[in-house]
Amino acid sequence: MLNRLEETGLVSAEFRAADRGPGRRYYHLTDEGRATLAEQGGLWLAFDTSVRNMLAQGGIR
């Protein structure tokens, strides 16, 4: 999922070597990622609310 977000330009990634163990990739939202989040964040919250309401009423039958 993070690779797909990086490929579409919504996040950037950087690799950092570690003193011990394997290095790690750190991800950051790009300006385009922040804009997309602002546009679609409300849709996600509405979806989340719908799912929570459905589960509270006994879920899917």
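Computed quantities for the displayed model
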| item | result |
| --- | --- |
| Point-charge dipole on Cβ atoms (K/R +1, D/E -1) for the chain, about Cα centre, debye to 20 | 360 debye |
| q = 0.21, 0.27, 0.29 Å⁻¹: log10 I(q)/I(0) that the Debye formula gives for the chain, counting C-alpha atoms only | -0.84, -1.03, -1.10 |
| The chain: angle of helix 31-56 to the longest principal axis, Cα-based, in degrees nearest 10 | 40 degrees |
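No lab work stands behind these numbers, since they all come straight from the coordinates. Nothing here was measured: the structure is a model prediction, and the numbers come from that model. As a convention, Cβ positions derive from the backbone with ideal geometry for all residues, glycine included, and neighbour counts pool all protein chains shown.
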